[in-house]
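Working notes, structure below.
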Amino acid sequence: MQNVPKSIKDLASKAIQNVKAYGSWLKTHDSKIKTISRDSDFYSLPITNKKDYIGKFKISELTLNKQVPQFTYASSGSSGIPTFWFRDELQEKIGTDIHEIIFRDIFGIKKEQKVLAVITFSMGIWIAGNYTAAAIAGLSGRGYNITVATPGLERNDILNVFKNIAPNYDTIVICGYPPFLMDVILDLQKNGIDFKKHNMFGLTAGDKFTEQWRDLFMKTVKKENNPASVVGVYGSADAVVMGFETPLSIFLRRAAIKDKELYKELFGDEKLLPNISQYDESIIFFEEKDTELVITAPTSIPLIRYNIHDRGNIIRQQEIKKILEKSNLSKKSEILKLFGWDFPFVVVKGRTDVAATFYALNIYPENIRAAVDDRKIRSFLSGNFLVYNKQSADAKRERLFVELEMKEGISGSKALTAKSTNIVVKHLMNLNIEFAKLHHSIGKMALPKVLLVGYQKKDFSKSTITSLVNIKG
């Protein structure tokens with residue numbers, strides 16, 4: 001059992017005493033604790049989640065002292081109806097703190113440099129774009145010479161920013177979802193943008209990406225020998241920024257690909273390469289609960305032992321040192337230099353409650369179930385389906401695949417495949433707001449490849465949702 005930082009125990013005490021919903025939640029779970037003074041008090045608190053806790057109370061009942069939050073933003077739920085979340089000055093400050101660490105300590109950006117941050121995350125009411133823009137803009141108040149441009153997903157606007165504004169800056173940080181970010185930098189390259197003239201860095205979030213993807217990013221922006229030239233942020237709509245890649249976590253992930261023993265020590269038997277980030281546990285506290293990650297975080301709606309339904313585990317700094325000693329890596333000069341990052345590690349393997357991810361948005365089972373149950377095709381289908389994404393072997397393209405099992409005795413045809421594709425797309429567009437916006441932005445590239453599978457030709461029993469990366473095809 002981990003030691004609980006005082007800041008986290010204090011947050012839990014405040015929630016007990018000043019959040020009406022949390023007090024009611026504790027009563028329904030027969031908890032009579034009034035304050036958290038010991039670790040054992042904290043660990044006795046019941047686990048919360050979005051469905052049973054956040055979804056059961058009014059906004060005013062979920063905030064400290066019924067405060068009205070400053071900002072709201074949304075994430076699409078499984079029904080396609082947005083789930084609204086909130087943040088205030090504290091989350092803005094935390095976001096700026098973390099982005100300052102990334103800019104200053106990882107990218108090596110100095111205050112006297114003129115920096116252009118280009119936000120290619122989806123803007124509007126969605127979290128990633130507006131929060132990243134606000135967090136980076138906050139660095140201006142700390143003496144950094146930073147301009148923030150927010151073209152979002154608009155390709156022409158991104159190109160115009162690079163053609164007309166970028167030449168005036170020493171350093172450019174381009175921010176976006178991994179597949180879209182790759183689309184953008186390759187598109188910029190085709191349009192004559194010379195990355196040799198720019199000191200380029202990347203900041204990404206949302207989707208897991210391969211180290212081959214990182215290699216291609218480095219090669220394209222002329223940073224071949226700097227894996228930390230692109231940093232992945234681990235975040236969620238619920239808790240905003242939770243962790244981030246560091247030179248040490250990136251080294252570990254890349255080394256594990258070549259070292260089977262190191263891979264097993266870090267990631268167990270996970271077949272797909274997990275993400276590994278570091279985090280400040282005085283700000284956010286992670287626990288492992290039945291293979292899932294549980295967090296406690298000071299958001300506008302305080303999250304106390306909140307299950308985010310990410311599969312993963314925590315590795316302490318001292319455990320990492322032991323693992324490296326076991327792998328004979330601890331004495332390498334390059335690894336010794338990286339241990340200034342004195343944060344614990346969080347390994348993220350996937351999600352348990354949704355979805356394949358595609359361009360950083362969630363594709364929910366309900367989205368595909370609606371298509372499978374559509375009266376125009378349901379008589380041909382067994383009801384089993386599989387959803388996943390594939391990243392092309394050259395890491396340049398990501399595509400969404402939907403496999404539908406046909407009923408016994410039914411044979412596939414081009415006409416039935418085309419009809420099924422139209423139905424799947426229709427329901428994705430109607431039920432998934434973020435998918436509809438993505439389709440508007442990238443057109444045909446957003447469309448899924450629908451495959452009809454013969455009856456019992458494939459085992460659909462183990463999972464209806466998966467995510468595949470780095471596979472040819």
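Quick rundown of the values:
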item	result
FRET efficiency for ASP39 and GLU61, using Cβ-Cβ distance with R0 set to 30 Å, rounded to 0.05	0.60
Dipole-positive endmost among ILE33, VAL19, TYR43 within the range 1-51 (Cβ charges, Cα centre)	VAL19
Positive-pole candidate from ASN65, LEU386, GLY312, dipole of the chain, charges at beta carbon	LEU386
The chain: relative contact order in percent, alpha carbon pairs under 8 Å with at least 6 residues between	14 percent
Dipole magnitude of the chain, debye to nearest 20 (Cβ charges: Lys/Arg +1, Asp/Glu -1, about Cα centre)	780 debye
Most positive-pole-ward Cα, ILE146, TRP126, LEU116, against dipole of the range 44-190 from beta carbon charges	TRP126
³J(HN,Hα), Karplus 6.51/-1.76/1.60, whole Hz, each residue of the range 92-105, x for Gly, Pro	4, 5, 4, x, 5, 4, 5, 5, 5, 4, 5, 5, 6, 8
Using a Förster distance of 22 Å, the FRET efficiency for ASN3-ASP52 (Cβ separation, nearest 0.05)	0.20
Residue-span extension gain [SER24 to PHE84] - 0.36 nm each, minus C-alpha spacing	19.5 nm
Net lengthening on full extension, LYS289/ARG104 (0.36 nm per residue, minus Cα-Cα)	63.2 nm
Peptide ranges 194-202, 376-384 listed from the most packed, as the mean C-beta count within 10 angstrom indicates	194-202, 376-384
Carbon and sulfur %, accessible surface of the chain computed with the full protein complex present, 1.4 Å	50 percent
Residue-wise HN-Hα coupling along the range 19-30, computed from phi with Karplus coefficients 6.51, -1.76, 1.60 (Hz; x: Gly, Pro)	10, 4, 4, 5, x, 5, 4, 5, 4, 5, 10, 6
Over the chain: helical MRE at 222 nm, DSSP H runs n ≥ 4 each giving -39500 (n - 2.57), nearest 500	-9500 deg cm²/dmol
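The values are calculated or read from the model by the stated rules, or taken from the named source; none is laboratory data. Everything quoted here is computed from the prediction, not taken from an experiment. Note that we place each Cβ from the backbone using ideal geometry, even for glycine, and neighbour counts take in every protein chain shown. These accessible areas exclude ligands, DNA and RNA; they are computed on the full protein's heavy atoms, side chains included. Shrake-Rupley method; radii C 1.70, N 1.55, O 1.52, S 1.80 Å.
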